[in-house]
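The values are calculated or read from the model by the stated rules, or taken from the named source; none is laboratory data. What you see is a predicted model, and the numbers here were worked out from it, not measured in a lab. Because the Cβ atoms are built from the backbone with ideal geometry, glycine has one as well, and the counts that use them run over all protein chains shown. Quick note on the areas: whole protein, heavy atoms, side chains included, nothing else; ligands and nucleic acids left out. Shrake-Rupley method; radii C 1.70, N 1.55, O 1.52, S 1.80 Å.
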Amino acid sequence: MSDGAAANPLRVRAFVALMGYRILTILSYQIVAVAVGWQVYQLTRDPLKLGLIGLAEVIPYFCAAPFAGYLVDHLPRRKLGMVACGGLAVTALILLAVSLHPTRSPLPLMYGAVALTGLVRSFLGPVYNALFGRVLVREQYTRGASFGSIVFQSGLVVGPAIGGALIAAGSTAFAYAAAAVFGIGAGLAVVSLKVTEPAPQMQRGPILSSIGEGIRFVFGHQILLGALALDMFAVLLGGAISLAPAFIHDVLDRGPEALGILRGAPALGAVLMGIWLARRPLERHAGRVLLGAVAGFGLCMIGFGLSKSFWLSAAILMVSGMCDGISVVLRSTIMQLSTPDDMRGRVSSINGIFVGSSNELGAFWAGSMARLLGLVPAVVVGGCLTLAVVATTARKAPRLRKLDLRDLR
């Protein structure tokens, strides 16, 4: 590989194809998330029902994630990715049918479709991270993680915007149909990816023993464990975006187009930060920067909860996305540099349990706290708890606090 290719992952065709797979899966998932949230709140006007959307997704995710990681480490990764993308399309089609042919009690079927999304999503991250390690060399990981963050966050900007626009232009049915198309496109992208996969290494030992090996690796690595735990608790306690439909209706008095803007604002900030980090990769004082970014995220959540202006709220969420973008890039780089290739699927699944599921658990937490305390107090309390998590992590994980990425190469 030439020096130019080593410096720029975008010159690697397989990496570009992998980015196509990533953004299309995110678009499909995010459009469904916006449409389901809007439809459920229109039917119930109950923030707790929004929280139950997250709970419906996270339970099957938790159950499937360890086994998904095992399968990704031992079966063809592209084929598993194709099946998972097909699952995204099926979920959207189920919700499309519910939207076109409503029943007296549509919520159980909608929650069931969301549960299928959780099952499917348990494979998407491990497939991506395992293929990431095959298409790039270690010298490209930091910049590759930055580009991956740009693509990921771009999907989080565009997906909600598309979802909100389609709902406003027609109905939730339009949004679900678009999500199905993106899911199919993601499957085609991962199948077209040209990469040499490692030979299957089916172990003779029990599956649970293999899964336990991945768990022991993560819990024995203070830097990796600290980064995952920091992100998990910050998103769990401080994530207010799941309450966006309620804020739009009850605080900011806007419509579905505004919901798409509000949900996409954090990702827009993360995209801008990802572009910056792709040009100026972080290496020195990475641990301190990570802790500072998560603290900034908590402060933004407090500001969002107190804001009464739509555009101020969107600006605050954009800044929160910039802070989260730093966290995502650093956490992804730490995971890629720390994990052996034959364990990427299992470690990525554990990462998903820590981080990915925290969004859904955070949605349930936020909905429950909003029911108990009210919308604004729930978000402010969550931001304060996020600051407490940062202080605790800085004290309990000194190796993370002192981290320099060059020490992991």
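Tabulated values for the structure
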{"quantity": "Hits among lysines - C-alpha to C-alpha of Lys194 under 22 Å, sequence gap 8 or more where chains match", "calculated": "Lys79"}
{"quantity": "Axial C-alpha extent at least 24 Å, average Kyte-Doolittle at least 1.6 - helices from the chain (DSSP)", "calculated": "172-192, 286-306"}
{"quantity": "The stretch 1-113 - percent relative contact order, Cα under 8 Å, separation 6 or more", "calculated": "26 percent"}
{"quantity": "Relative contact order of the chain, pairs being alpha-carbon contacts under 8 Å that are 6 or more residues apart, as %", "calculated": "29 percent"}
{"quantity": "Structure-derived volume of the Cα convex hull per residue in Å³ - corresponding label in (i) 124; (ii) 182; (iii) 235", "calculated": "(i)"}
{"quantity": "Charge dipole (the chain, unit charges on Cβ, about Cα centre) - positive-most of Met273, Ala240, Ala64", "calculated": "Met273"}
{"quantity": "Given charges at beta-carbon only (K, R positive; D, E negative), |dipole| of the chain in Debye", "calculated": "700 debye"}
{"quantity": "By accessible area with a 1.4 Å probe, ligands and nucleic acids excluded, highest first: order of Thr172, Thr103", "calculated": "Thr103, Thr172"}
{"quantity": "Accessible area (Å², 1.4 Å probe, nearest 10) - Lys49", "calculated": "60 Å²"}
{"quantity": "Solvent exposure, largest accessible area first (probe 1.4 Å, DNA, RNA and ligands not counted), of Arg216, Arg78", "calculated": "Arg216, Arg78"}
{"quantity": "Among Gly292, Gly382, Gly274: highest mean-square fluctuation, GNM of the chain, C-alpha pairs under 10 Å", "calculated": "Gly292"}
{"quantity": "Accessible area per residue in Å² at 1.4 Å probe, computed on the stretch 244-333", "calculated": "39 Å²"}
{"quantity": "Per residue, in Å², the accessible surface of the stretch 1-149 once ligands and nucleic acids are set aside, probe 1.4 Å", "calculated": "38 Å²"}
{"quantity": "Shape call, the stretch 276-375: gyration tensor on alpha carbons, a/c limit 1.5", "calculated": "oblate"}
{"quantity": "Structure-based [θ]222 nm, the chain - -39500 (n - 2.57) summed over DSSP H runs of at least 4, per residue, nearest 500", "calculated": "-27500 deg cm²/dmol"}
{"quantity": "Fraction of accessible area attributable to carbon and sulfur, the chain (%, probe 1.4 Å)", "calculated": "66 percent"}
{"quantity": "Contact order relative to length of the stretch 273-325, as percent, for alpha carbon pairs under 8 angstrom and 6 or more apart", "calculated": "44 percent"}
{"quantity": "At q = 0.13, 0.16 Å⁻¹, base-10 log of I(q)/I(0) for the stretch 11-86 (Debye sum, equal scatterers on each alpha carbon)", "calculated": "-0.58, -0.79"}
{"quantity": "Reach of Lys49 by Cα under 28 Å, taken over lysines that are not fewer than 8 positions away in the same chain", "calculated": "Lys308"}
{"quantity": "Residue among Leu312, Leu27, Leu225 with the largest mean-square fluctuation in a Gaussian network model of the chain, springs linking Cα atoms under 10 Å", "calculated": "Leu312"}
